[in-house]
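Student: This is the structure I want to talk about, given as structure tokens.
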2 protein chains.
Amino acid sequence: MSKTIKIGIVGYGNLGKGAVEAIKQTADMELVAVFTRRDPKDLIIDEPNVETVHISNAGDYKDKIDVMLLCGGSATDLPEQTPYFASMFNTVDSFDTHAKIPEFYESVNEAATKANTTAIISVGWDPGLFSINRVLADAILPSGENYTFWGKGLSQGHSDAIRRVEGVKNGVQYTIPSEDAMAKVRSGVNPELSTAEKHERVCYIVLEEGADPARIENEIKTMPNYFADYNTEVHFISEEELKRDHSKAPHGGFVIRGGNTGNGNKQIYEFSLKLDSNPEFTASVLVAYARAAYRLNAEKQYGAKSVFDVAPSYISPRTAEELRRDYL
Amino acid sequence: MSKTIKIGIVGYGNLGKGAVEAIKQTADMELVAVFTRRDPKDLIIDEPNVETVHISNAGDYKDKIDVMLLCGGSATDLPEQTPYFASMFNTVDSFDTHAKIPEFYESVNEAATKANTTAIISVGWDPGLFSINRVLADAILPSGENYTFWGKGLSQGHSDAIRRVEGVKNGVQYTIPSEDAMAKVRSGVNPELSTAEKHERVCYIVLEEGADPARIENEIKTMPNYFADYNTEVHFISEEELKRDHSKAPHGGFVIRGGNTGNGNKQIYEFSLKLDSNPEFTASVLVAYARAAYRLNAEKQYGAKSVFDVAPSYISPRTAEELRRDYL
């Protein structure tokens, strides 16, 4: 029986909480400690064997933890935290600011290479599983086009925007892939589509007393950047309906490639996720890739890696024999 | 500019022909020769720079070919050919007799390890891309269930079976995933489903003159093993309709995992293919994995491998920087 992989979690927001749950579903991993910038005494974790530790004391855990799951945000936490933790630990993070990935990679790679650690960056579903599928589909069907659709998903930024409209008491916004656009892509004609043509926006609004629904609907539908370019629906509901029907954080999406082979044969490649809980799923992907970070490091594959550098068997708890026999 | 990867193809059936087409779509590979058991003079390949060679002279090409694509059948060709060619060349094959994969792996691994070659076995879509998705989904969502559906696809074995029925002049059979079963699986309830409950069978029959359609329909629907356990539809059409509407070899299918995280949140993972040409798509996957065989061998990763051992970047013609910048 091989030894258990010892895990630490940095940050205890929705993603960190999801990671606690995901680790419980594994047989080969053990959560040792949760690290926080807050006073660790204020962190209530209902796990008797898990320590809560201030982030400044992480260095004391160098010999007690195999992989650190970095569960902070991409805007300000991870650009600092990943290089810092990668200088002491193997790490997995979910850095998702697409435009900044190259510079993020460089800074993490420098820290991890120096420290002989393995740091897998930008893990989750997009970036993550969606990225893997974009690469596989492109490699297999060179003549073709990749399409990524997001949703149905709650968008925090757009929900904030509608709540700032005068007369709106509360509200949420869902991004939904356009059925028409999806059907075109699945037919293999490889259409040109803008992000606005690929997605629709649906708003559920609770009005303040006396507010004018027509004015609010118009203000939302013509809001530049957020809604003006999109096919947008506005629905007015009660506060009770909002609480009852719109309190979860579902998300998901589709990666589709329409490819051509031989004499014009159409080949449609599609990957999709439909998630009740976005943070819990993302955390589950991080936890699976912790296995890979641990194993790559044992093979002396040091430095920053992405999901593109990780073979499927590295994230599975099953043996190579079992995988070939039962999953191939 | 790195050198071109030199490819050989063994076997010139539908799969081998698909491989010729797929190689043309790459910029980093070059087809050197097609090897055949027939008289090479009888092989008409419309490619001026490609040699046709008898299989017994393959040894002369050890220094001229980087990777051999083995395009023979799983029943009798590959169990002999893969170990034989792996003793001289890096290879990629599409061995798909699921039950015999462990022993096939052993015999190929022995030959390849002895010869310092790299042999990637069981490449294609199932086994292949479907296998990768079964493993990723299982690793990420340990609490859940995998489902594989095949179709809509033309089944050669079942088409043969209906053509043996007295009074049937010609006919084809499609395997189709059951809409009901798919809807249940996508809802995340993780039902128990037999292969027969997951699939329906649809037959298109051309009758011989004077044949009794009622008797034939009954004989097909009650045929043990092939149809009796399935929901089966029988349609009678003309020879012209058969030629016009049913002369392609489409295939495809779905891998779906319904998983649970945290406090009962459902997470649905789905991968699917809809293929106009099954052999051309399978060949395209083989060609992409030829890149991986070449690169793994350059890294001295010798022996038999499966798709589980190959990181996504190894099958892509793009650089690591390009992948991180444009695909992550």
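Student: For the protein assembly as shown, give the percent of accessible area contributed by carbon and sulfur heavy atoms, probe 1.4 Å, rounded to a whole number.
Tutor: 45
Student: Among the DSSP beta bridges whose two residues both lie in chain B, what percent are antiparallel, rounded to the nearest 5?
Tutor: Bridges in chain B are about 50 percent antiparallel.
Student: Ok, one more. What does the C-alpha gyration tensor say about the overall shape of the range A:52-163? Classify as rounded when a/c is under 1.5, otherwise prolate if a/b is larger than b/c, or oblate.
Tutor: Note, shape of the range A:52-163 comes out oblate.
Student: Would you calculate, for the protein assembly as shown, the mean residue ellipticity at 222 nm contributed by helices, counting each DSSP H stretch of 4 or more residues as -39,500 (n - 2.57) and dividing by all residues, to the nearest 500?
Tutor: Counting only the DSSP helices, I get -10000 deg cm²/dmol.
Student: Ok, one more. Heavy-atom accessible area of B:Ser194 with all protein chains present, probe 1.4 Å, nearest 10 Å²?
Tutor: 50
Student: Quote the accessible area belonging to B:Thr36 in square angstrom, nearest 10, computed with a 1.4 Å probe and with ligands, DNA and RNA left uncounted.
Tutor: 10
Student: Could I ask something else about it? Once you sort the root eigenvalues of the Cα gyration tensor of the range B:1-95 as a ≥ b ≥ c, which label holds: rounded (a/c under 1.5), prolate (a/b larger than b/c) or oblate (the other case)?
Tutor: Rounded.
Student: Could you work out the mean count of beta carbons from other protein chains within 10 Å of each residue's beta carbon in B:256-262?
Tutor: Other-chain Cβ atoms within 10 Å of each residue's Cβ, averaged: 5.
Student: Once you average over the residues of A:319-326, how many Cβ atoms of partner chains fall within 10 Å of each Cβ?
Tutor: Taking all residues of A:319-326 together, the mean is 5.
Student: Now, a different point. Going down the list A:Lys152/B:Lys266; B:Lys100/B:Lys305; B:Lys198/B:Lys266; B:Lys100/B:Lys248; A:Lys100/A:Lys198; A:Lys266/B:Lys248, which pairs span over 18 Å between their C-alpha atoms?
Tutor: From A:Lys152/B:Lys266; B:Lys100/B:Lys305; B:Lys198/B:Lys266; B:Lys100/B:Lys248; A:Lys100/A:Lys198; A:Lys266/B:Lys248, over 18 Å: B:Lys198/B:Lys266; B:Lys100/B:Lys248; A:Lys100/A:Lys198.
Student: Also: So which trypsin sites (Lys or Arg not before Pro) in the range B:1-98 pass both tests, a DSSP loop state and at most 16 other Cβ atoms within 10 Å of the Cβ?
Tutor: Here the trypsin sites (Lys or Arg not before Pro) that fit, given the DSSP loop and packing criteria, are B:Lys3, B:Arg37, B:Arg38, B:Lys62, B:Lys64.
Student: Please give me, ordered by residue number, the trypsin sites (Lys or Arg not before Pro) of the range B:114-165 that lie in loop per DSSP and have at most 14 other Cβ atoms within 10 Å.
Tutor: B:Arg164
Student: Provide the FRET efficiency to the nearest 0.05 for the A:Asn116-B:Met88 pair, computing r from the beta carbons and using R0 = 60 Å.
Tutor: 0.95
Student: I would also like to ask the following. Just the accessible area for B:Glu233, please: 1.4 Å probe, Å², rounded to the nearest 10?
Tutor: 90
Student: So how do A:Glu209, A:Glu145, B:Glu21 rank on accessible area, 1.4 Å probe, biggest first, that is with the largest at the start?
Tutor: A:Glu209, A:Glu145, B:Glu21
Student: Label the protein assembly as shown by shape, choosing from rounded, prolate and oblate, from the square roots a ≥ b ≥ c of the eigenvalues of the Cα gyration tensor; if a/c is under 1.5 it is rounded, and otherwise prolate applies when a/b is larger than b/c, oblate when it is not.
Tutor: Oblate.
Student: Related question: Quote the convex hull volume per residue of the range A:129-277, based on C-alpha atoms, as a whole number of Å³.
Tutor: 102
Student: Another question, then. Please give the average number of partner chain Cβ atoms lying within 10 Å of the Cβ of each residue in A:91-98, rounded to a whole number.
Tutor: Rounded to a whole number, the mean comes out at 1.
Student: Based on the Cβ-Cβ distance from A:Ala214 to A:Glu80, what FRET efficiency comes out when R0 is 45 Å, to the nearest 0.05?
Tutor: Working from the Cβ atoms, E equals 0.45.
Student: At what distance in angstrom do the alpha carbon centres of the range B:267-298 and the range B:134-196 lie from each other?
Tutor: Computed from Cα coordinates, the inter-centre distance equals 20 Å.
Student: Suppose we keep just the DSSP beta bridges with both residues in the range B:1-157; what percent of those would be antiparallel, to 5?
Tutor: Around 5 percent of the beta bridges assigned by DSSP in the range B:1-157 are antiparallel ones.
The values are calculated or read from the model by the stated rules, or taken from the named source; none is laboratory data. Because the structure is a prediction, the values reported are computed rather than measured. Cβ coordinates were reconstructed from backbone atoms using ideal geometry, including for glycine residues, and neighbour counts include every protein chain displayed. Note: areas computed on protein heavy atoms with side chains; ligands, DNA, RNA excluded. Shrake-Rupley method; radii C 1.70, N 1.55, O 1.52, S 1.80 Å.
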